[in-house]
1. Determine which member of the set R696, R673 is of a type in the set (K, R) and more than 14 Å from T744 (Cα to Cα).
2. Can you find even one residue in the stretch 282-295 that is assigned to a loop (DSSP other than H, G, I, E, B), in contact with a Pro (Cβ under 8 Å, 6 or more places away or on another chain) and closer than 22 Å to N100 by Cβ?
3. Going through the stretch 823-844 one residue at a time, which ones are assigned to a strand (DSSP E or B) and crowded, with 17+ Cβ neighbours inside 10 Å?
4. For the stretch 756-797, how many residues meet the condition of being over 30 Å from Q681 (Cα atoms) and either in a loop (DSSP other than H, G, I, E, B) or more than 24 Å from the chain's Cα centre (by Cα) (or both)?
5. Before we move on, is D360 over 17 Å from the mean Cα position of the chain (by Cα), modelled with pLDDT under 95 and closer than 28 Å to Y736 by Cβ?
6. Here is a check on your reading of the model: is Y87 within 16 Å of the ligand (Cβ to nearest atom) and either closer than 19 Å to I354 by Cα or open to solvent by 30 Å² or more (accessible area, probe 1.4 Å) (or both)?
7. Could you tell me whether any residue of the stretch 316-326 is out of contact with any Lys or Arg (no Cβ under 8 Å at 6 or more places or on another chain), assigned to a strand (DSSP E or B) and away from the ligand (no atom under 16 Å from the Cβ)?
8. Among the candidates A499, A488, single out the residue that is part of a loop (DSSP other than H, G, I, E, B), out of contact with any helix residue (DSSP H, G or I) (no Cβ under 8 Å at 6 or more places or on another chain), small (G, A, S) and open to solvent by less than 30 Å² (accessible area, probe 1.4 Å).
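The values are calculated or read from the model by the stated rules, or taken from the named source; none is laboratory data. Keep in mind that this is a model prediction, so the values were computed, not measured. Cβ sites come from the backbone with ideal geometry, for glycine too, and all protein chains shown count toward neighbours. The area values use the complete protein model at the heavy-atom level, side chains included, leaving out ligands, DNA and RNA. Shrake-Rupley method; radii C 1.70, N 1.55, O 1.52, S 1.80 Å.
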Amino acid sequence: MKKTAHIISHSHWDREWYLPFEKHRYYFIKLMNEMIAQFKEEGNAFQAFHLDGQTVLLEDYFAVHPENREIVKQLIEEKKLYIGPWYVLQDAFLTSSEANVRNLQIGLHDSKAYGHVSKIGYFPDTFGIYGQAPQLLKQAGIDTAAFGRGVKPTGFNNTVSDAPEYESPYSEMIWSAPDGSTVLGILFANWYSNGNEIPVDDVEAKKFWDQKLRDAEKYASTNQLLFMNGCDHQPLQKTIPQAIETASRLYPDYTFKHSSFDEYTEALKAALPEKLQVIEGELRNQRTDGWSTLVNTASSRIYLKQWNNHCQTLLEKIAEPLASMGFLAGGAYPREYLRFMWKSLMKNHPHDSICGCSVDEVHREMVTRFETVSQMGEVFVQEQAAALAEKIDTSGAPEGGIPLVVMNTTGWNKNEVVTKIVDLEKVYFSQMHFEQIPAHLQEREMQAYKLVDVAGKIIESELENPVVEFGYDLPEDKFRQSFFAKRAKLSFFAEDIPAFGYKTFYLVPCQESAGQLKDHSADDSLVMENEYVRIQFHEDGTYDLTNKADSKTFYHLGIYEDTGDVGNEYMFKEAEGQDPITTKGIPAEFRFIEKTPLRTELEFTHTLTIPVSADDQLADERNRLIWHKERRSGRSSETCVLTLRTVVTLEKGMKGPAFKLTIDNQAADHRLRVLFPTGLQTEKHQADSAFEIANRPNAPEKEWENPSFCHHQQRFSSLADDKIGLTVATDGLQEYEILPADGTIALTVLRSTAELGDWGYFPTPEAQCQGIQTAEWQVFMHEEDVVTSKAFVDAYQYKVPLQAIQTSAHEGTLPAVHQFVEWESEGLAWSSMKVAEECDDVMIRWFNPAPESLSLKASIPDFSTYKSTILEVQTNESSDQYDVAGYEIITLGFQPKR
Ligand SMILES: [Zn+2]
């Protein structure tokens, strides 16, 4: 039977990588202009071009050539230029679950304006893909995914086998998500450049095609062969029509076609064999020797991951739910502004950007982008919260009372110590000459205050001594208003703040300070304790963590470990000849910072002597492009001091202690981790991934040769046997390893390297991350595993603080305590709340982290609900209760009843 060679012209366009964005864009503009010229040329047989699956490239082009918008639109409508479905080619593991959904939502939304979208889940270069991708794609109406990494084809016999040593014999396979959703998976078994630079000349073409046809046929399950005509930043091959003429003449048994993914996948599906191998869940290159997985991009330039976690949390866990609550209270939903913030953030999500595997200029520009997203998010949250507070009836405030509204933007009720700067007294410049105000405020006697709830009950609180500071208001209808305020830090325990809701408190002047707290710092034993846990510190900074409910204890957690790293931004390679240096047995200096019933803060400092860098051999190995696996350099004999300052915080209501490590990093070429030896002997562990708490084996497959076996995580990783478990939640620390010998979770907090590490030598001195670096995490103990015990709820709430707003006493349409949405389900994980892109329905998303099905009830008064896809398309009728299948991602739409 005649075979068809589908030639798809493309260029894989990393927006920034070994060159900064603007330099890569210069070449991209050239590529686009040449492509358009090719299509416009009379009689030119150039048929189609695939624009790398990311619509952001159109924005990059139109910023320079806005006049070409219509021509490009026409080419897309005529199915010559293929765009979408993503906004950017993101890294799949280092961007949040919701960021992965928004990437598809926004990419498809933008594609719509151009008339046609290439509906293929395109992951050409992605460094591994999360297991729920088939479910997300399926919900988005996409039934095929194409990827370059993550699984290994076995080729040779082309026989389908269930034997475990086979991943897939073919480049085509069925890829299944944990919930059972499947898509057709296409592996670029010979990479996405297997049809690059096709010769026109007969002799060269013969040589080329003899090899390339053989390579493709080795893995293809059908007579439809795929040749990707392009590579990274590949200029256009204008001679494709001529090259196809040559090939057609030389190989009469083949049809050569200048094709597209639309045409190729249609032909492929019609020709597929009855049985294809099913690949389940995560694609992480686990069946390779482990030297090229690129997993250690998870620890390259950790500051970027921290920034990203901050911005993602700000947008998806605070800004969107808050704006949705404002919308339910009758306000407008600033959809376009939110989309703009998401787009700005997603420009940092491409795989070479968020992975920290580019040159220094790229990552410097990313920091600026993160800063701008953070600025937008902060002003947005501040204004949304103020507008909501304005609608709340606070007229019940006692005489002189200052109303404080505590808002919970998450999907779970929260108990948390809230810290808020409160303006106790304000004098505007319009009221007094500004030079006189500070003295006037300072002279006034400090009033005592008590904090009460709406029922008048006194709440445990602590008000620090006030200071006088300058401030200003930006009224909606007037010029800015300057003032001086007497302001003070208020801390209090906000109990049972309803999910998607708020509670009002009043700070009321009184005769004597009731509920003020005493400092208990006279007691200097190295113990921290609250209602849930007791932590006993040892001299070396390690600690025994006891769960008070059952008195079970984990011993000697929190060892720091420093190892030489002679790898690069992509891969860790341990330096030869020296064991890791740890803080085990090295005394730290301790100091209590705070000790009150609301909060205990303990600081301890280590000074660790470590090699200053790798030895001299590394520079030579880098220069000679020695692959990381082959490097033999060790650590320098010259040393320096690594100062590690750890602050441990335990507040009332916290289920486990929180840690902030500040590192003064003066060393190069090394990796620092914190170790949690649990002593648990298990085969498997769990880690937070996209819409999944993934089960992963502790030990690698037999093919694995790399002594390092690190993994990606989103927010936490967890080890548990059937009785007890330990979960470490983090703020943007996305790499961990399980050391099976003593059941240790090893969390990477810093990795210092000095080169990019692909196809040449690109020095990246800033990837050494020298100077002050920080890392934050929280440790939870629980019964059984993180899913069964529902400890994931606490882990997901780490670093998603309650929002406290000071407002005035006024009437309002909303009650002083309110919950906008009620929901009930044993064990669903909440993910997002927003208003739909195309209509005014409120959309809330959860996922089921367990294999068993669960039921979900959710309601907003006067709203009916329906089940929707991730693209906010209704899939069934209204119901009071929904069955959520094991591992299902469920989105409910809430529509006002008419
Ligand atoms: Zn790439």
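1. On the way: R673 fails: more than 14 Å from T744 (Cα to Cα).
R696 is the lone residue from the list that is of a type in the set (K, R) and more than 14 Å from T744 (Cα to Cα).
2. The first filter runs over the stretch 282-295 and keeps only residues assigned to a loop (DSSP other than H, G, I, E, B), leaving 282, 284-294.
From what is left, the residues that are in contact with a Pro (Cβ under 8 Å, 6 or more places away or on another chain) are 286, 290.
Applying the additional criterion that residues be closer than 22 Å to N100 by Cβ yields 286.
Among the residues of the stretch 282-295, at least one is assigned to a loop (DSSP other than H, G, I, E, B), in contact with a Pro (Cβ under 8 Å, 6 or more places away or on another chain) and closer than 22 Å to N100 by Cβ, which makes the answer yes.
3. Filtering the stretch 823-844 down to residues assigned to a strand (DSSP E or B) leaves 823-824, 829-835, 842-844.
W823, A829, W830, S831, S832, M833, K834, V835, V842, M843, I844, listed by residue number.
4. Initial filter on the stretch 756-797 (over 30 Å from Q681 (Cα atoms)): 756-774.
Those left that are additionally either in a loop (DSSP other than H, G, I, E, B) or more than 24 Å from the chain's Cα centre (by Cα) (or both): 756-765, 769-771.
Total meeting the criteria: 13.
5. Numbers: over 17 Å from the mean Cα position of the chain (by Cα): yes; modelled with pLDDT under 95: no; closer than 28 Å to Y736 by Cβ: yes.
In short, no.
6. It is true that Y87 is within 16 Å of the ligand (Cβ to nearest atom) and either closer than 19 Å to I354 by Cα or open to solvent by 30 Å² or more (accessible area, probe 1.4 Å) (or both).
7. no
8. Details: A488 fails: part of a loop (DSSP other than H, G, I, E, B).
The unique qualifying residue is A499.
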